[in-house]
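Reading through the structure tokens given below for one structure.
The values are calculated or read from the model by the stated rules, or taken from the named source; none is laboratory data. This structure is a prediction, so every number in the text was calculated from the model and none was measured. Glycine also receives a Cβ, built like all others from the backbone with ideal geometry; neighbour counts cover every protein chain displayed.
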Amino acid sequence: MANTHRIEIHRRPELLDPRREEILGLAREFGIGSLTDLRRCAVYVFAGDPGPDELERLAAELLCDPVTETWRIGPPQEPEQGTALSISYRAGV
């Protein structure tokens with residue numbers, strides 16, 4: 001069976017994230033005023049046996065915009081504070 005590899009693409013923290021602001025605003029409209037921050041990322045999961053150099057090239061040159069984003073390869077990291085949620089699209093929808 002092929003190995004599974006996970007790549008995260010994050011918006012650079014020093015840049016404004018309009019989607020982040022939109023989600024926080026909608027949460028307040030829903031009556032969830034206790035949210036004070038939000039970080040989000042795109043996650044790609046690949047099956048196969050690429051080497052570390054190939055994974056880095058995939059992340060840096062294909063998936064990530066180096067001006068506005070950073071990338072990370074590996075398992076999910078727990079947040080320093082707060083709760084992590086993973087939201088996925090339902091297959092076939």
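Every residue, every condition in (1) free of Cβ contacts under 8 Å to residues at least 60 places away in the same chain; (2) under 13 Å from the mean Cα position of the chain (by Cα); (3) not in a helix (DSSP H, G or I), yes or no:
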| residue | (1), (2), (3) |
| --- | --- |
| 4 | yes, no, yes |
| 7 | no, yes, yes |
| 15 | yes, no, yes |
| 26 | yes, no, no |
| 53 | yes, no, no |
| 72 | no, yes, yes |
| 79 | yes, yes, yes |
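Go through (1) surrounded by 10 or more Cβ atoms within 10 Å (Cβ to Cβ); (2) within 22 Å of residue 78 (Cα to Cα); (3) not aliphatic (A, V, I, L, M) for residue 50 and report which single condition fails.
(2)
Take the range 28-43 and flag every residue that is closer than 16 Å to residue 85 by Cβ, of a type outside the set (S, T, N, Q) and outside any strand (DSSP E or B).
Matches in the range 28-43: 30, 32, 35, 37, 38, 39, 40.
Does the range 16-33 include one or more residues that are at pLDDT below 90 and surrounded by 11 or more Cβ atoms within 10 Å (Cβ to Cβ)?
No, there is no match, as no residue in the range 16-33 is at pLDDT below 90 and surrounded by 11 or more Cβ atoms within 10 Å (Cβ to Cβ).
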